[in-house]
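S.K.: Please find one structure pasted underneath; my questions will follow.
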Amino acid sequence: MSWLAGGVLYSFAYLIVGWLLRDSPHVMVWFRITALLVAPISGIVVIVRRRHDWTGCHWLFWATLALGLTMSSIGLVGWTVEELLVDHQISWLGWHTVFALFGAVAPLFALLAQPHRGSREGLTPTTAVDIAGIAVMTGFFYSHFIVGPDLAPVNSQQSSLSLLLLYEFQQFVVFAGMALAAVAGRHTSWGTTYRRLAVGLLVNFVTLSIANAEIWQGMYRSGFVYDLIWVLPFAFYPWAAAAAPASDTESEMEQDALQPSRPWVVFGALGLIPVIDFGLRQVMPAGPLEGFRDLFTAITVLSVLPLLMARLAVERGEARQSDSRRRLLAAATEQADDYLVILTPEGRIEHANRAFCRGVGYSPAEVVGLQSADLLAEQSRSQPEAIFEIVRAEGVWRGSLVRRRKDGSTFPSSCAVVSLPDDRGLIAHFVVIGRDISGEMQLRNQLIHSERLAAVGQLVSGVAHELNNPLQSIVGFTELLIEAERRQEVRADLDRVRSEAHRAAKIVRNLLAFVRRSAVERATVNLNEVVRTTVALRSYELAGANIEVHEQYDERLPSVLANREEIQQVLLNLILNAEHAMRGAHGRGRLLIRTAVTGSGATVDVQDDGPGVPFELAGQIFEPFFSTKEVGQGTGLGLSIALGIAEAHGGSLSLAPVATGACFRLSLPATAAQDLQPSPAAEPWTSMTGTTGMKGRRALIVDDEPSLRDLLQRLLTKRGFTVEVADDGAKASGLIDRTDYDIIF
């Protein structure tokens with residue numbers, strides 16, 4: 001608002017100073033030249049200062065207005081010089097009038113950029129050529145009103161009237177055009193800018209009408225109130241430019257491809273030149289100066305032809321650029337791994353990229369024309385209509401569908417469906433973007449399976465510890481009963497109880513050894529013992545599946561440096577795979593577990609008599625997610641994990657050749673020679689088992705299980721110990737502080 005207020009104050013100041021200098025013509029000339037230039041130049045300065053805020057058609061709009069203000073400045077200076085210095089009696093007719101008229105019509109030319117529709121940088125060159133073409137035609141039109149009468153003043157009265165009417169009509173058209181633009185852009189950020197310019201053009205039209213009436217009556221005088229026409233309207237240009245919205249390249253929609261070209265503008269300008277020329281010759285004959293009009297007509301045609309060629313060159317360049325961009329997008333679409341499908345509003349496939357065709361097993365020609373539901377599995381075939389309804393309402397849908405290949409197999413895919421509207425806002429196409437998520441679902445299932453195994457392991461670990469204590473009590477009290485029993489049949493029964501209790505205790509120990517989370521450090525282990533323990537874990541299930549287990553252990557086997565639990569995981573996976581293969585082949589089988597010595601270490605063979613591994617699949621079985629099992633029966637990660645464990649131990653896991661079935665061979669390197677030395681034998685406990693040498697010795701038993709405390713107390717008391725018990729560490733610490741013990745449990 002400050003620019004408008006300043007312009008109004010400046011206009012009144014101009015009138016006051018001009019009135020005071022009315023009797024000093026020479027001073028008045030220089031004051032008027034300087035003062036009249038300030039008004040349009042202020043608008044130019046604001047536009048130049050904000051030039052970096054605009055791009056594309058926004059910049060073209062303001063550049064056209066700045067050019068119009070510049071031409072108005074030139075016209076005002078020329079007019080003032082001719083009127084006051086040369087004392088030209090008919091000041092309307094002269095070269096400067098062309099500049100004034102051009103400056104006044106510039107806002108109408110600028111509206112061709114339509115800035116309220118966005119910056120649209122791609123349309124800027126063609127729009128600039130269109131503006132230039134109309135400007136050339138307008139200049140040709142002005143020449144008939146100015147140049148001829150200026151050179152032949154005999155018709156000046158008629159020409160002056162025609163020019164006054166032309167100027168009046170032109171300003172009304174310019175104001176009407178800006179007012180219509182304000183209506184069209186009222187809901188955009190440019191609505192305020194259009195309204196400010198429209199108000200300024202209305203003020204210009206009103207003041208011009210008053211001034212033209214006074215000019216026609218011969219009452220116009222420079223430096224008087226009529227000069228408001230040259231000062232006040234220009235205050236609206238800096239006011240509008242200062243608050244005009246900047247180009248927002250990030251949030252603006254890309255509409256270049258949707259905007260129609262306007263080649264008819266330049267072609268129409270060229271075609272109208274002879275028509276306008278003929279009509280004006282009939283209305284305003286120039287007489288002896290007809291040759292000048294012929295010259296102007298020829299110059300105009302020669303000026304429009306290069307513009308026409310430039311327009312065609314710009315069109316051709318834009319076409320090449322659009323075609324290059326189209327080819328680039330098409331190539332990127334075809335090379336993408338994701339599925340891309342374009343559907344008609346009815347759901348028919350119009351285009352599908354190579355990835356989608358490969359995924360469903362169809363050729364591009366076979367896919368085009370199919371309904372989207374034709375490539376969906378039965379459980380997803382009813383979904384497309386509901387999906388399209390959601391897209392029509394919300395613009396996008398995301399989810400998963402089960403697709404069907406040409407061979408009848410199915411696979412899950414993630415999908416996103418969006419709509420593509422046309423110029424009227426109606427849906428012209430649906431775009432489906434998706435990908436095969438079979439691998440991701442397998443990985444997810446594997447993670448779920450791993451979490452389930454971890455939970456089961458924790459459960460088994462807790463249960464095993466809870467079972468261990470009562471089993472120890474059963475074994476101990478059975479031992480006491482056997483020692484006290486003299487009847488053979490009762491002793492035989494107690495021996496059976498003790499044997500089964502030892503068997504249960506062994507199972508518990510094996511479970512604990514398997515599920516216990518050990519540190520990453522490795523230790524020297526007896527491979528035969530690890531294999532025996534692992535086989536024992538699965539012996540019951542193997543027997544229930546009618547699978548005979550044959551174990552062959554080489555007692556010369558060297559010790560290996562390994563992580564016990566990881567080696568157990570590898571062996572258990574191999575045993576499970578063999579069991580599954582034999583069950584699926586003939587419901588029974590024979591499993592051979594064999595250890596052997598090699599030159600650099602030891603090997604474990606797990607051999608079954610199942611169907612074996614086909615030759616064409618032998619190179620794939622160790623790949624992640626590769627599985628020969630049915631869907632839901634395997635993740636395809638077991639052998640790949642086992643191979644990684646074997647290689648991390650410096651060994652290998654391979655498929656050994658056999659006549660029937662399959663044989664997987666685990667090889668591990670032996671430890672260094674110093675690690676193979678046997679440990680010194682411990683002093684046998686038998687030296688303390690007698691009852692004669694234990695009398696007088698003191699023993700302390702610390703345990704939170706009452707049955708174990710009672711068992712140990714009875715056993716040690718029987719052997720002559722003086723026994724004290726404690727059920728927690730605090731009590732035990734107090735007893736130890738007061739008494740010396742020979743043995744502490």
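S.K.: When the range 197-237 is examined, which residues are found to be among the β-branched types (Val, Ile, Thr), modelled with pLDDT under 75 and under 19 Å from residue 10 (Cα atoms)?
M.R.: Within the range 197-237, 225, 229, 231 qualify.
S.K.: Within the range 571-579, can one find any residue that is over 48 Å from the mean Cα position of the chain (by Cα), crowded, with 18+ Cβ neighbours inside 10 Å and not hydrophobic (A, V, I, L, M, F, W, C)?
M.R.: Taking every residue of the range 571-579 in turn, none turns out to be over 48 Å from the mean Cα position of the chain (by Cα), crowded, with 18+ Cβ neighbours inside 10 Å and not hydrophobic (A, V, I, L, M, F, W, C).
For (1) modelled with pLDDT of 65 or more; (2) under 30 Å from residue 248 (Cα atoms); (3) in contact with a Phe, Trp or Tyr (Cβ under 6 Å, 6 or more places away or on another chain); (4) assigned to a helix (DSSP H, G or I), each residue gets a yes or a no:
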residue: 66; (1), (2), (3), (4): yes, yes, no, yes
residue: 79; (1), (2), (3), (4): yes, no, no, yes
residue: 100; (1), (2), (3), (4): yes, no, no, yes
residue: 104; (1), (2), (3), (4): yes, yes, no, yes
residue: 129; (1), (2), (3), (4): yes, yes, no, yes
residue: 146; (1), (2), (3), (4): no, no, no, yes
residue: 156; (1), (2), (3), (4): no, no, no, yes
residue: 159; (1), (2), (3), (4): no, no, no, yes
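S.K.: With open to solvent by less than 70 Å² (accessible area, probe 1.4 Å) and either more than 30 Å from residue 124 (Cβ to Cβ) or at pLDDT 75 or above (or both) as the only criterion, which of 335, 379, 383 stands out?
M.R.: On inspection, the qualifying residue turns out to be 383.
S.K.: Is it the case that residue 664 is modelled with pLDDT of 90 or more, in contact with a strand residue (DSSP E or B) (Cβ under 6 Å, 6 or more places away or on another chain) and among the aromatic types (Phe, Trp, Tyr)?
M.R.: In short, yes.
S.K.: Could you check residue 580 against (1) in a helix (DSSP H, G or I); (2) touching a residue at least 60 places away in the same chain (Cβ under 8 Å); (3) not small (Gly, Ala, Ser) and say which number it fails?
M.R.: Among (1) in a helix (DSSP H, G or I); (2) touching a residue at least 60 places away in the same chain (Cβ under 8 Å); (3) not small (Gly, Ala, Ser), the lone unmet condition for residue 580 is (2).
S.K.: Here's another thing I want to ask about it. With 710, 740, 704 as the choices, which residue is over 21 Å from residue 476 (Cβ atoms) and either part of a loop (DSSP other than H, G, I, E, B) or modelled with pLDDT of 85 or more (or both)?
M.R.: 740
S.K.: So, one more: From 594, 590, grab the single residue that is open to solvent by less than 70 Å² (accessible area, probe 1.4 Å), part of a strand (DSSP E or B) and either touching a Ser or Thr at 6+ places or on another chain (Cβ under 9 Å) or at pLDDT 90 or above (or both).
M.R.: Only one candidate passes the filter, namely 594.
S.K.: Acidic (Asp, Glu) and either assigned to a helix (DSSP H, G or I) or crowded, with 18+ Cβ neighbours inside 10 Å (or both), is that true of residue 548?
M.R.: It is false that residue 548 is acidic (Asp, Glu) and either assigned to a helix (DSSP H, G or I) or crowded, with 18+ Cβ neighbours inside 10 Å (or both).
S.K.: Here's something else I'd like to know. Take the range 45-71 and flag every residue that is free of Cβ contacts under 8 Å to residues at least 60 places away in the same chain and either of a type in the set (Ser, Thr, Tyr) or open to solvent by 40 Å² or more (accessible area, probe 1.4 Å) (or both).
M.R.: 48, 49, 51, 52, 67, 70, 71
S.K.: So is residue 566 open to solvent by 10 Å² or more (accessible area, probe 1.4 Å), of a type in the set (D, E, K, R) and touching a His at 6+ places or on another chain (Cβ under 8 Å) or not?
M.R.: Yes: the conditions hold for residue 566.
The values are calculated or read from the model by the stated rules, or taken from the named source; none is laboratory data. Note that the coordinates shown come from a computational prediction; the quantities given were computed from them, not determined experimentally. Backbone-built Cβ (ideal geometry, glycine too); neighbour counts: all protein chains shown. Note: areas computed on protein heavy atoms with side chains; ligands, DNA, RNA excluded. Shrake-Rupley method; radii C 1.70, N 1.55, O 1.52, S 1.80 Å.
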